[in-house]
Amino acid sequence: MDIKVDIRDRVAVVTGGAGILCSCIAKALAAQGARVAVLDLKKDGAEKVAAEIVASGGAAIGLEADVLDKGSLEKAREIILREFATVDILVNGAGGNHPRATTGPDRSFFDLSTEDIQKVFNLNFLGTVLPTQVFGKVIVEKKKGIVINISSMAAYTPLTKTIAYSAAKAAVSNFTQWLAVHFNQEYSREIRVNAIAPGFLLTDQNRYLLIDAETGASTPRGRSVLNMTPMGRYGLPDDLCGAVLFLCSEAASFINGAVIPIDGGFQAYSGV
Ligand code: NAD
C-alpha cells in the first residue's frame, strides 16, 4: 500500500493558530503543501505564524478571529474564500484553561464564579462548535472534508482542580462523535470528524500548575503527571503533528468519530 499524506493545495483552517500547539500544526500542514489560514484572537500572532510559513515556501494567511464570535468567524471565512476559494480541513485548536476557573489554595470550588466557569467552558466547547458551524458549512456544501478537534486527557477522567476545562473537553469528545454521525447522515459520507486528545505538554496554559515559578522545579502535580506517564516525559508539539497529518491522510480513510490519545501512555496507566 502506497500511503501519502497528499494534502497538497488543500485549504486548512486552524483556529488558535498562534498558540504553541496549533502554530506547529499549521506549519506541519503547510509543509505538506496545504494552504493554511491561521486564525487567532491575537492578530499579530496569527500574522507572524503565516509569515513564517510563507518565508519557508508555503502558502498561508494570518487572520484575527474570535472563536466565540460568529460574526468575526464569518468575516474570516469571507477572506479565506476570496484568497483560497474553499475549505477542506478544519482544525479546532483554540482552547485552554484559566487559573480563575481552577481550584487551588486561594480559590475553593465554592468561590468559583459563574462567569469564570462559563468563560473556560465556552472557549473550549462553543469555541469548537461555532467555527464548525461557520467553516463546516463550506465542507458540507462540497460534501467532502475533514474536521479535527482538540480534546484532552481531562475528557476521559477529569483532572483535579480544572473543573470547567475537564467538563468542556469531555463535551468536545462527545461533540466529535455526534458531529461525525450527523455530517455523514445528513450531508455526506465523505466527511470525517475526529479529535486528538493530547496528554501533558508543557505550555503557557499549564506551566503554572506543573513548574514552580520561583524554583523552576516540578510541582507535586508535575511530578505526579510524569510518574503517571509511562514514557516519562511531557509531550512535544511535534508529537501531535504526526497524528493530525495521519488523520488528514488517506491512511485514515475509515477513521471517523475517533478521539485519539497522544499521551505517552498516560491514559493507559492505572498508576499500579
Ligand atoms: P496556547 O495558549 O499556546 O494556544 C491557544 C491559542 O488560542 C492562543 O494563541 C490564543 O490566543 C488562542 N485563543 C484563545 N482564545 C481564543 C478565541 N476566543 N478565539 C480565537 N483564538 C483564541 O495553548 P496550547 O497549549 O497550544 O493549546 C492548544 C489546544 O490544545 C487547546 O485546545 C488546549 O486546550 C489543547 N490542549 C493542550 C494541552 C497542553 O498540554 N498544552 C493538552 C491537551 C489539550
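Calculate, axis by axis, the spread of Cα positions in the chain along the three principal axes, and write the results as whole Å, longest axis first.
Principal extents (Cα only, largest first): 51, 43, 41 Å.
Report the longest stretch of the chain that contains none of the chymotrypsin sites (Phe, Trp or Tyr not before Pro) sitting in a DSSP loop with at most 15 other Cβ atoms within 10 Å.
1-253
Taking a threshold of 23 Å on the Cα-Cα distance, which of the pairs K4/K144; K42/K70; K119/K142 fall above it?
Going by Cα-Cα distance, K119/K142 fall outside the 23 Å limit.
What translational diffusion coefficient, to the nearest whole µm²/s, does the stretch 1-160 have by Stokes-Einstein, given a Kirkwood radius computed over alpha-carbon pairs, a temperature of 20 °C and 1.002 mPa s viscosity?
Answer from the Stokes-Einstein relation: 130 µm²/s.
Which distance in Å, rounded to a whole number, links the C-alpha centroids of the stretch 132-151 and the stretch 65-106?
The two parts, judged by their Cα centres, are 13 Å apart.
Can you list the HN-Hα couplings for the stretch 49-60, worked out from phi with the Karplus curve (6.51, -1.76, 1.60; θ = phi - 60°), rounded to whole Hz and with x for Gly and Pro?
These are the phi-based 3J(HN,Hα) values: 5, 4, 5, 5, 5, 5, 4, 9, x, x, 10, 7 Hz.
Please report the relative contact order for the chain, taking Cα pairs under 8 Å with a sequence separation of at least 6, and give it as a percent rounded to a whole number.
Over the chain, the number comes to 18 percent.
Suppose only helical runs count, i.e. DSSP H with n ≥ 4. What mean residue ellipticity at 222 nm does that imply for the chain under -39500 (n - 2.57) per run, divided by all residues and rounded to the nearest 500 deg cm²/dmol?
-13500 deg cm²/dmol, from helical runs alone.
Might you report the magnitude of the Cβ-based charge dipole of the stretch 167-235 about its Cα centre, with Lys and Arg at +1 and Asp and Glu at -1, to the nearest 20 debye? Write out the running numbers ahead of the final one.
Working: 7 positive and 5 negative charges, 37 e Å.
Dipole size: approximately 180 debye.
Using only Cα atoms, find the angle between the long axis of helix 70-84 and the longest principal axis of the chain, and express it within 0 to 90 degrees, rounded to the nearest 10.
Here the helix axis deviates by roughly 40 degrees.
We did not get these values from a lab; they are worked out from the coordinates using the rules stated. It should be emphasised that the depicted structure is a prediction, and the values quoted were computed from it without experimental measurement. Every residue, glycine as well, gets a Cβ built from its backbone with ideal geometry; the counts of neighbours run over all protein chains shown.
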